[in-house]
Amino acid sequence: MGLRTFISDHFIKDIVPYKPLKLTKPEKTLEIVSAWKGLEMIIADIIERFGLKNESCIEFGVEFGYSAVVFSNYFKSVTGVDTFEGDIHTENKAEHYLETSNRLAEYKNIVLVKSDYKDWIKRDNKRYDLAHVDIVHNYKETFECGLWAAQHSSCTIFHDTESFPEVRRAVKDIAAETGQKLYNYPYHYGLGILVDKKSIGKK
Ligand SMILES: C[S@@+](CC[C@H](N)C(=O)[O-])C[C@H]1O[C@@H](n2cnc3c(N)ncnc32)[C@H](O)[C@@H]1O
């Protein structure tokens, strides 16, 4: 779950609030503890709103697989990149790649990769329909990983924009750097949503 503080009156005020038109519960979800819980209800709405294709999704920060399984409902392939060793903000710091791979084995469209995002982004040049960034919640890492994600996907979502000011600052700076449109959904610790309107519909 992680070391989050919930600051209910601290929602981002200078970014367009994301207001889903509908909430949809995906067919497949994991019954595990995750701070991501609740966000699964707006993924179909985001895909529809921005006309995203359903080919490919990349996730940085899988942990036990809650969000990866949510994405597996909507994309033909989901690549999940994680050290599977936790970080300074996660409660679990024990290595768990095999355990998580076994838990997710039945979701055939998910491929898990044990890697630091820093190594991954040096060698991947593909484009994705959706990218999700939910790694260590520091400015430097969120900015570096998020900028790559924004440059390689039609839409990039970032968890914890409400609970970690450094994530919020990184997301705002990536929006400024790329010129992409930024929305924020303020619930479930906050989801920043960056949309590359130019790349939607192209591959
Ligand atoms: C908040 S958890 C992800 C939660 C997950 N998205 C969920 O649905 O519950 C953060 C994860 O990021 C991973 N992580 C942190 N820094 C990383 C890095 N530099 N490269 C790859 N993964 C990293 C950690 O190992 C941890 O599993």
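With each run of n ≥ 4 DSSP H residues scored as -39500 (n - 2.57), what mean residue ellipticity at 222 nm is computed for the chain after dividing by its residue count and rounding to the nearest 500 deg cm²/dmol?
-8000 deg cm²/dmol
Could you give the nm distance between label points at Lys126 and Glu99, where each point is 7 Å from its Cα heading toward the beta carbon?
Going by the 7 Å Cα→Cβ label model, 2.8 nm.
On the accessible surface of the chain, probed at 1.4 Å, how many percent belong to carbon and sulfur atoms?
C and S fraction of accessible area: 54 percent.
Charges only on Cβ, +1 for Lys and Arg, -1 for Asp and Glu: so what's the dipole of the chain about the Cα centre, in debye to the nearest 20?
In debye, rounded to 20, the chain gives about 900.
As I understand it, the dipole of the chain uses +1 on the Cβ of Lys and Arg and -1 on the Cβ of Asp and Glu, about the Cα centre. Which of Tyr189, Cys155, Ile88 lies farthest toward its positive end?
Cys155
Quick one: 3J(HN,Hα) in Hz for segment 86-99, Karplus 6.51/-1.76/1.60 with θ = phi - 60°, rounded, Gly and Pro as x.
Residue by residue, segment 86-99 yields x, 8, 4, 9, 9, 5, 7, 10, 8, 5, 8, 4, 5, 4 Hz.
Can you flag which of Lys22/Lys122; Lys19/Lys140; Lys19/Lys114; Lys93/Lys198; Lys19/Lys118; Lys25/Lys122 are past 31 Å Cα-Cα?
Lys22/Lys122; Lys19/Lys114; Lys93/Lys198; Lys19/Lys118; Lys25/Lys122
Binning at 10 Å from 0, report for segment 123-199 what percent of all alpha-carbon pair distances ends up in each bin.
22, 58, 19, 1
Lys114 label point, 7 Å along Cα→Cβ, cut-off 17 Å on backbone N: hits in segment 53-67?
Of the residues in segment 53-67, 61-65 have backbone N under 17 Å from the label point off Lys114.
Summarise the long-distance tail of P(r) for the chain by giving the % of C-alpha pairs beyond 26 Å.
Roughly 25 percent, once rounded to a whole number.
Got a sec? Charge dipole of the chain, +1 on Cβ for Lys and Arg, -1 for Asp and Glu; which of Phe71, Tyr117, Tyr18 is way out at the positive end?
Of Phe71, Tyr117, Tyr18, it is Tyr18.
Antiparallel as a % of all DSSP beta bridges within segment 18-195, to the nearest 5?
About 35 percent, rounded to the nearest 5.
The values are calculated or read from the model by the stated rules, or taken from the named source; none is laboratory data. Keep in mind that this is a model prediction, so the values were computed, not measured. Positions of Cβ are generated from backbone atoms using ideal geometry, with glycine treated the same way; all protein chains shown enter the neighbour counts. Each accessible area value is taken on the protein alone, full model and side chains, heavy atoms only, with ligands, DNA and RNA left out. Shrake-Rupley method; radii C 1.70, N 1.55, O 1.52, S 1.80 Å.
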